[in-house]
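*Asks:* Shown below is the structure under consideration.
The values are calculated or read from the model by the stated rules, or taken from the named source; none is laboratory data. Quick caveat, the model's predicted, so the values are computed rather than measured. Counting neighbours? That spans all protein chains shown, and the Cβs are built from the backbone with ideal geometry, glycine included.
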Amino acid sequence: MVYAISEGSTRQRLRVGMVGGGQGAFIGAVHRLAMRLDDQIVLVAGALSSRPENAAASAAEIGIAPERSYADYREMARAEAVRPDGIDAVVIVTPNHLHAPVATAFLEAGIDVICDKPLSTTLTEAEALVVLARAKNRRFVVTLNNTGYAMVRQAREMVAAGELGRLVSVHGAYIQDWLTKPIDADGQKQAEWRTDPARAGQSAVLADIGVHAFNLASYISGREAEAVSADLFTAVPGRRLDDNAHVLVRWTGGVRGTILASQTSPGHYNDLSVRLYGENAGLEWSGARPEELRFSRYGEETRTLVRGGHGSTEESRRVSRMPAAHPEGYIEAFANFYRDAADIIRAHRAGVAVDPARAAQVPDVVDGARGVKFVAAAVDSNSAGGAWTPARFGG
């Protein structure tokens, strides 16, 4: 029997715990909103902060029972692993430097993992997580959540179906302006840790947003990065890590392209986009207009394809929640990711096979490691004056 994803309404909810995401955090609340949308996941435990008083207050605020609020993630992994009603998976929403140690503790305890990006701060850690997840036979997904948009799924299907012809170039970009001023030096919490090498890793801008652009470009195109030539720089004097990255990419199959990431570009709040060009047609998607694809056949007028409209693909229809012109956005896309992840983990724990085509829609630990490899290769290339540097993950 092959398990068909998205039949979750007839199944028991997936029990999860969360590490990080307490009061004063940003992304943890977003994860909680997304996982609740389909009512397939219930949050029952947490180590929500490294400060015990904040962990307890945060747990009380979102309804976690006091006995399942933990002061330390290692304690949580041990305790939940032996409870008859213990968690099925852990959701990791800590700063980057804790992703690998927290994931390791829960994998060792036999608990599946849902981890925020980037997978880790070093390639060595990423490689070790791939090996451990396989050794423990645990499902490990990475919340490269923009893959949940219906029109991103449609773009992937269109490329795979050959509607662009032979691919020539693939470009991803993520442009913001929130770090244009030195707010990290002024102690702004989200900026301060993201520009700290000890917590963010080798690169700030690539680890924070560049991996999203990289993942989407790879996800839609079906190509992996073979080599990169990178120019990373810091626009704000005194900032400890880069806030801009211009990366040339040689994708597999002879495809060329770029990844652009900036957090100091005034006028851009959250500008994520992907552009793919083939011998016959071009395809463009923008997070600012997530319900649309711009499809251009050479020699013909450009068409705007709309989510839920005529010409929607099978996968796009599957993950659409509303009819066309009833807008869907970021949380719905994030919820699509969580719904599929929950179905995959639930099936795996039940010993039921998952349709590989469906499972491939959800980025896993190898996809996460590819992102870490991309960041490491870009940093190495930049240090070598932009020299072409191997970027393909071999795990």
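*Asks:* Within the range 229-265, work out how many residues are over 17 Å from GLY371 (Cα atoms) and among the β-branched types (Val, Ile, Thr).
*Replies:* Selection size over the range 229-265: 4.
*Asks:* For a quick check of your reading: which strands (runs of 3 or more DSSP E) sit entirely within the range 277-367 and have at least 1 residues that are in contact with an Asp or Glu (Cβ under 9 Å, 6 or more places away or on another chain) and surrounded by fewer than 16 Cβ atoms within 10 Å (Cβ to Cβ)?
*Replies:* Numbers: elements: 281-286, 292-297, 303-306.
The qualifying strands (runs of 3 or more DSSP E) are 292-297, 303-306.
*Asks:* Tell me, which residue of the range 259-276 that is hydroxyl-bearing (Ser, Thr, Tyr) and in a loop (DSSP other than H, G, I, E, B) is surrounded by the fewest Cβ atoms within 10 Å (Cβ to Cβ)? First the steps, then the outcome.
*Replies:* Of the range 259-276, the ones hydroxyl-bearing (Ser, Thr, Tyr) are 262, 264-265, 269, 273.
Those left that are additionally in a loop (DSSP other than H, G, I, E, B): 264-265, 269.
Working: THR264: 20, SER265: 19, TYR269: 10.
Here the residue is TYR269.
*Asks:* Next up: Just to be sure, is LEU179 in contact with a Ser or Thr (Cβ under 6 Å, 6 or more places away or on another chain), surrounded by 24 or more Cβ atoms within 10 Å (Cβ to Cβ) and either farther than 16 Å from ARG370 by Cβ or of a type in the set (S, T, N, Q) (or both)? Full working, then the answer.
*Replies:* Working: in contact with a Ser or Thr (Cβ under 6 Å, 6 or more places away or on another chain): yes; surrounded by 24 or more Cβ atoms within 10 Å (Cβ to Cβ): yes; either farther than 16 Å from ARG370 by Cβ or of a type in the set (S, T, N, Q) (or both): yes.
Judged against the criteria, LEU179 is a match.
*Asks:* Right, next: Is the range 225-240 home to any residue that is modelled with pLDDT of 95 or more and within 12 Å of ILE175 (Cβ to Cβ)? Talk me through it step by step, then tell me what you get.
*Replies:* We begin by selecting, within the range 225-240, every residue modelled with pLDDT of 95 or more; these are 225-240.
With within 12 Å of ILE175 (Cβ to Cβ) added as a condition, the list becomes none.
The answer is no, given that none of the residues of the range 225-240 is modelled with pLDDT of 95 or more and within 12 Å of ILE175 (Cβ to Cβ).
*Asks:* Now for a separate question. Taking the range 180-199, which residues are of a type in the set (A, V, I, L, M, F, W, C), under 24 Å from ASP271 (Cα atoms) and more than 21 Å from the chain's Cα centre (by Cα)? Reasoning before the result, please.
*Replies:* First, the residues of the range 180-199 that are of a type in the set (A, V, I, L, M, F, W, C): 183, 185, 191, 193, 198.
Those still in the list that are under 24 Å from ASP271 (Cα atoms) too: 183, 191, 193.
Passing the criteria: only ILE183.
*Asks:* Just to be sure, is VAL247 in contact with a helix residue (DSSP H, G or I) (Cβ under 8 Å, 6 or more places away or on another chain) and touching a residue at least 24 places away in the same chain (Cβ under 8 Å)? Write out each step before concluding.
*Replies:* Details: in contact with a helix residue (DSSP H, G or I) (Cβ under 8 Å, 6 or more places away or on another chain): yes; touching a residue at least 24 places away in the same chain (Cβ under 8 Å): yes.
Criteria met by VAL247.
*Asks:* Regarding ILE183, is this residue within 19 Å of LEU241 (Cβ to Cβ) and without any contact (Cβ under 8 Å) to a residue 40 or more places away in the chain?
*Replies:* Values: within 19 Å of LEU241 (Cβ to Cβ): yes; without any contact (Cβ under 8 Å) to a residue 40 or more places away in the chain: yes.
Yes.
*Asks:* Sticking with this structure for a sec: What do you reckon, is MET35 within 17 Å of PHE337 (Cβ to Cβ), assigned to a helix (DSSP H, G or I), at pLDDT 95 or above and of a type outside the set (D, E, K, R)?
*Replies:* Details: within 17 Å of PHE337 (Cβ to Cβ): yes; assigned to a helix (DSSP H, G or I): yes; at pLDDT 95 or above: yes; of a type outside the set (D, E, K, R): yes.
In short, yes.
*Asks:* On to the next question. So, of the residues in the range 9-32 that are among the β-branched types (Val, Ile, Thr) and at pLDDT below 95, which turns out to be farthest from ASN145 (Cα to Cα)?
*Replies:* If we filter the range 9-32 for residues that are among the β-branched types (Val, Ile, Thr), which is where we start, we get 10, 16, 19, 27, 30.
From the residues that got through so far, the ones that are at pLDDT below 95 too are 10, 27.
Details: THR10: 24, ILE27: 12 Å.
The selected residue is THR10.
*Asks:* When you look at GLU332, is it of a type in the set (Asp, Glu), more than 13 Å from the chain's Cα centre (by Cα) and at pLDDT 95 or above, yes or no?
*Replies:* Values: of a type in the set (Asp, Glu): yes; more than 13 Å from the chain's Cα centre (by Cα): yes; at pLDDT 95 or above: yes.
In short, yes.
*Asks:* Could I ask something else about it? Can you list the helices (runs of 4 or more DSSP H) lying wholly within the range 166-228 that have 2 or more residues being out of contact with any strand residue (DSSP E or B) (no Cβ under 8 Å at 6 or more places or on another chain) and polar (S, T, N, Q)? Step through it out loud before you land on a result.
*Replies:* Numbers: elements: 189-194, 197-200, 211-221.
Here the list is empty.
*Asks:* Which helices (runs of 4 or more DSSP H) sit wholly inside the range 69-161 and have at least 3 residues that are in contact (Cβ under 8 Å) with a residue 40 or more places away in the chain and either of a type in the set (S, T, N, Q) or surrounded by fewer than 17 Cβ atoms within 10 Å (Cβ to Cβ) (or both)? Before you say what the answer is, go through the steps one by one.
*Replies:* Details: elements: 73-82, 99-108, 123-136, 150-160.
Counting at least 3 such residues, we get 150-160.
*Asks:* Which of the following residues is in a loop (DSSP other than H, G, I, E, B) and more than 20 Å from ARG139 (Cβ to Cβ): SER49, SER58? Before the answer, list the steps.
*Replies:* Details: SER58 fails: in a loop (DSSP other than H, G, I, E, B).
Being in a loop (DSSP other than H, G, I, E, B) and more than 20 Å from ARG139 (Cβ to Cβ) holds for just one of SER49, SER58, which is SER49.
*Asks:* Let me ask another. Hey, ILE87 hits all of (1) closer than 22 Å to PRO356 by Cβ; (2) touching a Lys or Arg at 6+ places or on another chain (Cβ under 6 Å) but one; which does it fall short on?
*Replies:* Of the numbered conditions (1) closer than 22 Å to PRO356 by Cβ; (2) touching a Lys or Arg at 6+ places or on another chain (Cβ under 6 Å), the odd one out for ILE87 is (1).
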